[in-house]
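The values are calculated or read from the model by the stated rules, or taken from the named source; none is laboratory data. This is a predicted model, so every value here is computed, not measured. With ideal geometry, Cβ positions are generated from the backbone for all residues, glycine too; neighbour counts draw on all protein chains shown. Ligands, DNA and RNA are stripped out before the accessible areas are found, and what is left, the full protein with its side chains, is counted by its heavy atoms. Shrake-Rupley method; radii C 1.70, N 1.55, O 1.52, S 1.80 Å.
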Amino acid sequence: MKSGIVYTGEPSAEELSRCPGRPSPGRLERGPVAVIECVQEIPCNPCEYSCPRGAIRVGVPITGLPRLDEEKCTGCGACIPACPGLAIFQVDYNHGDGQALVSFPYEYLPLPREGDEVQATDRGGRVVTGGKVIKVRKPDRNDGTAVVSLAVPREFADQVRSMARLGRCNS
Ligand code: SF4
Ligand code: SF4
């Protein structure tokens, strides 16, 4: 079976490994940072203009993959809701007590509430672990795309990219 974003809608491990928007393991260890998992060369660049630090560069041609300058990125998360492809996340490996905080765009209603216990899902919507909603932001910009921050066990921080309500069947 073929893998990759074109065939499954989900980036493959190989696509992610050469994606210029993903920070290095060392930068991930140092604190919150954007994780840009944009692997398709499409004409798109709102991420570039969303970053107040100039940490994202698409450049010319506009079909280039966004490149993250991990040293400029403060992990503010402003770029997350700006991406129409829902391809930008923020990860903080040091949330505490063996937990990481993963923030992602969320466009389903009703929105979760802070404190909710939910199922943390991977890039393909499969449940990987449990999580607790720590923060829900709903900026007026970007058509009101919400950003949910979920605390999950640290070992799942590179897998978790969204959430589902408890009780959902993923089989
Ligand atoms: S998290 Fe903030 S600083 Fe980092 S790339 Fe996104 S907008 Fe820029
Ligand atoms: S806005 Fe999203 S889809 Fe568009 S280039 Fe940036 S990361 Fe890729």
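Assess whether Ala55 counts as being open to solvent by less than 20 Å² (accessible area, probe 1.4 Å) and without any contact (Cβ under 8 Å) to a residue 60 or more places away in the chain.
Criteria met by Ala55.
Confirm whether Ile134 is within 21 Å of Ser24 (Cβ to Cβ) and either touching a strand residue (DSSP E or B) at 6+ places or on another chain (Cβ under 9 Å) or surrounded by fewer than 19 Cβ atoms within 10 Å (Cβ to Cβ) (or both).
In short, no.
Anything in the range 31-49 that is away from ligand 2 (no atom under 14 Å from the Cβ), surrounded by 14 or more Cβ atoms within 10 Å (Cβ to Cβ) and assigned to a loop (DSSP other than H, G, I, E, B)? List them, or say none.
Pro32
Can you name every residue in the range 10-19 that is open to solvent by less than 30 Å² (accessible area, probe 1.4 Å) and either outside any helix (DSSP H, G or I) or aromatic (Phe, Trp, Tyr) (or both)?
If the condition is that a residue be open to solvent by less than 30 Å² (accessible area, probe 1.4 Å) and either outside any helix (DSSP H, G or I) or aromatic (Phe, Trp, Tyr) (or both), then Pro11, Ser12, Cys19 are the ones that fit.
Of the numbered conditions (1) open to solvent by 60 Å² or more (accessible area, probe 1.4 Å); (2) acidic (Asp, Glu); (3) within 26 Å of Gly31 (Cα to Cα), Asp116 satisfies every one except a single condition; which is it?
(1)
If you check Ala78, Ala100, which single one turns out to be closer than 25 Å to Ser12 by Cβ and within 15 Å of the chain's Cα centre (by Cα)? Show your work before the answer.
Details: Ala78 fails: closer than 25 Å to Ser12 by Cβ.
Just a single option satisfies the conditions, and that option is Ala100.
If you scan the range 58-69, which residues turn out to be near ligand 1 (Cβ under 10 Å from one of its atoms) and open to solvent by 30 Å² or more (accessible area, probe 1.4 Å)?
Of everything in the range 58-69, just one residue is near ligand 1 (Cβ under 10 Å from one of its atoms) and open to solvent by 30 Å² or more (accessible area, probe 1.4 Å), namely Asp69.
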